[in-house]
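Read the structure below first, then the notes.
The values are calculated or read from the model by the stated rules, or taken from the named source; none is laboratory data. Just so it is clear, the model here is predicted, and its values are computed rather than measured. Reconstructed Cβ throughout: ideal geometry from the backbone, glycine too, with neighbour counts over all protein chains shown. Side chains included, ligands, DNA and RNA excluded: accessible areas come from the protein's heavy atoms. Shrake-Rupley method; radii C 1.70, N 1.55, O 1.52, S 1.80 Å.
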Amino acid sequence: MKTVEEIYQEMAAAFAEETGAEVSAGGDLAVRLYAVAAEIYSLYVQGEWVVRQCFPQTAEGEYLDRHAQLRGLTRKEAERAEGVIRFSAGTAAASELTIPEGTVCMTAGQVRFETTQAGVLEAGETDVDVSARAVEAGQAGNVAAGAIVTMAVPPVGISLCLNPQGFSGGTDREGDEELRARVLDSFRRLPNGANAAYYQQEAMSFPQVAAVQVLPRSRGVGTVDVVVATKDGVPEEELLEEMEEYFQQRREIAVDVGVLAPETVEVDVTAKVRCAQGHTASEVIQRVKDRINGWFDGSLLAQPVLLAQLNSLVFGTEGVANCTLTAPAADVDIQQDQLPVLGDLTVEEWTTA
């Protein structure tokens, strides 16, 4: 693209050629020509922007959404993490205590969660578990067990709160690059209502679905199994039933379509980390645990667990100066209908003997 200066110089040269007079650098005509050059440059910029939005390879934002719509695709919206918060009175309650729906609890980093139903701590009990979800959608709500430590406004008689298990299911809004990959893939593998690409594209249209594997003839001629995984990993039975009904209405004639959860393969991970200067062992170990926990999600469906990936994941964590993995001992091969899930996770400080 031409710069403003190049456009101005071309205009000044053209003026001199047509009139035989040079444009004075400080004169009124030079100012006018420079202003026109700036406007022409803005048209160049606008034209280049329009060209970028015309093609899915370079379109952005709402214009990429429109390309996706032409392919029957929509951008996946952010989802809120869900889990359980345990409320405690410290000692056995003398009378029934109520935890109102919408009670807000927080992590030390101010990530907020709210109860999705009212809870009741019965007389004589010390604690009660109440379903909750992140106040804001996104991966920030996927916190580890014990991360929730305080209440914004404690209910009467309640003194403590914590999450006995981690919160999961929080996903960020699908970015341009992720959506672009799906749009371009829809051109490379054109669905025809009967091939694997069709089933994969239709399954990925469900916002909960993170990965899909299509297994033709897995149960014999005329059968198709659609194996799906969510961001959390194994999908709930309600989602499988919903997708089963969806495909039964759209399948080709005489084809038996099944929607299945993947078989899980537990992978134990043991790592030792050496902390960089200025970082404490407890902080670094927790960061590594959070990162490994977050890596094992539904997107790993049918993907092998490679030692190189795990080493890179741990070494790339803030505060890690060096690391070593003792488990798994080798790469873990995964079949098409399998999902690797995290088993026992051990992260220790690597000290010099």
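Compute the long axis of helix 28-53 from its Cα atoms, compare it with the longest principal axis of the Cα atoms of the chain, and write down the angle in degrees, 0 to 90, nearest 10. Its long axis makes an angle of about 40 degrees. Of the trypsin sites (Lys or Arg not before Pro) found in the stretch 1-53, those in coil by DSSP whose Cβ has at most 15 other Cβ atoms within 10 Å are 2. Between residue 265 and residue 321, the C-beta separation translates, for a Förster distance of 35 Å, into a calculated FRET efficiency of about 0.65.
Charged side chains reduced to their Cβ positions (Lys and Arg at +1, Asp and Glu at -1) give the stretch 134-181 a dipole of some 300 debye around its Cα centre.
Helical content of the chain, expressed as a calculated mean residue ellipticity at 222 nm, amounts to -10000 deg cm²/dmol (DSSP H runs of 4 or more residues, -39,500 (n - 2.57) each, divided by residue number, nearest 500). For the stretch 111-236, the alpha carbon convex hull comes to 145 Å³ per residue, rounded to a whole number. If R0 is taken as 41 Å, the Cβ-Cβ distance between residue 291 and residue 251 corresponds to a FRET efficiency of 0.50. Can you figure out the FRET efficiency of residue 117 with residue 14, using R₀ = 51 Å and their beta-carbon distance, to the nearest 0.05? The calculated FRET efficiency here is 0.10. In order along the stretch 232-243, the phi-based Karplus estimate (6.51 cos²θ - 1.76 cosθ + 1.60, θ = phi - 60°) of 3J(HN,Hα) comes to 6, x, 6, x, 6, 4, 4, 5, 4, 5, 4, 5 Hz; Gly and Pro are listed as x. Kirkwood analysis of the chain, using all unique Cα-Cα pairs, places the hydrodynamic radius at 25.1 Å. What angle do you read, to the nearest 10 degrees and between 0 and 90, between the alpha-carbon axis of helix 281-295 and the longest principal axis of the chain? That works out to roughly 80 degrees. Annotation: per residue accessible area for the chain equals 55 Å², rounded to a whole number [probe 1.4 Å, protein chains only].
Taking a point 7 Å from the Cα of residue 178 along the Cα-to-Cβ direction, the residues of the stretch 54-78 with backbone N closer than 20 Å to it are 56-78.
When the solvent-accessible area of the chain is split by element, carbon and sulfur atoms take up 50 percent of it, the probe being 1.4 Å. Relative to the longest principal axis of the Cα atoms of the chain, the long axis of helix 61-70 lies at roughly 80 degrees.
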